[in-house]
1. Hey, does segment 19-28 have a residue that's assigned to a strand (DSSP E or B) and small (Gly, Ala, Ser)?
2. Here's a check for you: in segment 29-73, which residue that is under 19 Å from Glu100 (Cα atoms) and in a strand (DSSP E or B) is modelled with the lowest pLDDT?
3. Kindly provide the set of residues from segment 1-16 that are on the phi > 0 side of the Ramachandran plot and surrounded by 13 or more Cβ atoms within 10 Å (Cβ to Cβ), ordered by number.
4. Go through segment 17-38 residue by residue and tally those that are in contact with a strand residue (DSSP E or B) (Cβ under 9 Å, 6 or more places away or on another chain) and exposed (fewer than 14 other Cβ atoms within 10 Å of the Cβ).
5. Looking at segment 42-54 only, could you name the residues that are surrounded by 14 or more Cβ atoms within 10 Å (Cβ to Cβ) and under 18 Å from Arg6 (Cα atoms)?
Amino acid sequence: MKQRKRHLGAKGIPEVECVDNIRGTWVFHWDFRDEEEGNVSFLEEWFDHEPTEAEKKNVMIETEHPFGDEYKILRKTIRKMLTETKYNSEAFAEFRAYNEYAESIELSND
C-alpha cells in the first residue's frame, strides 16, 4: 500500500481539478480534514487524464489505512462473525458502526 503525504490548503479545494489544460494534468484530492485557521489538509493523486470514479476508488484503496493492518483484521473478523451468526444484532451494530466510520474516511471493503 502507498503512503501519501498530507497537503495543506484553503477550504474549497475541489475534489477533482484540471491543473494543466495543455498537458491534460488532473489532480484528485480526498480525505479532507479541517485544520487551524480555516485550512484543510488532504491527500492527492495526479493523473494524465480526468480520473474516473473507479480510478478514484482504487487510489483510496491503495492508500495505507491510518490504523494499520489491525483495523483490517478487525473488520474481517466482524464480517466473518456476521456470516456465521446472521441474527446477532449486537455484532451487526458493531459492524455497521465500523463500516460507517470506514466510509466516512473513504476506505474500501477489504
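The values are calculated or read from the model by the stated rules, or taken from the named source; none is laboratory data. These figures come from a predicted structure and were not determined experimentally. Every residue, glycine as well, gets a Cβ built from its backbone with ideal geometry; the counts of neighbours run over all protein chains shown.
1. Step one: of segment 19-28, the residues assigned to a strand (DSSP E or B) are 19-20, 25-28.
With the extra rule that they be small (Gly, Ala, Ser), the set shrinks to none.
Checked segment 19-28: no residue is assigned to a strand (DSSP E or B) and small (Gly, Ala, Ser).
2. Restricting to residues being under 19 Å from Glu100 (Cα atoms) and in a strand (DSSP E or B), the top hit is Thr63.
3. none
4. Taking segment 17-38 and keeping what is in contact with a strand residue (DSSP E or B) (Cβ under 9 Å, 6 or more places away or on another chain), we get 17-20, 24-35, 38.
Right, trim to exposed (fewer than 14 other Cβ atoms within 10 Å of the Cβ) and you get 17, 19-20, 24, 33-34, 38.
The qualifying residues number 7.
5. Just the residues of segment 42-54 that are surrounded by 14 or more Cβ atoms within 10 Å (Cβ to Cβ), to begin with: 42-45, 47, 51.
Within segment 42-54, Phe42, Leu43, Glu44, Glu45, Phe47 meet the criteria.
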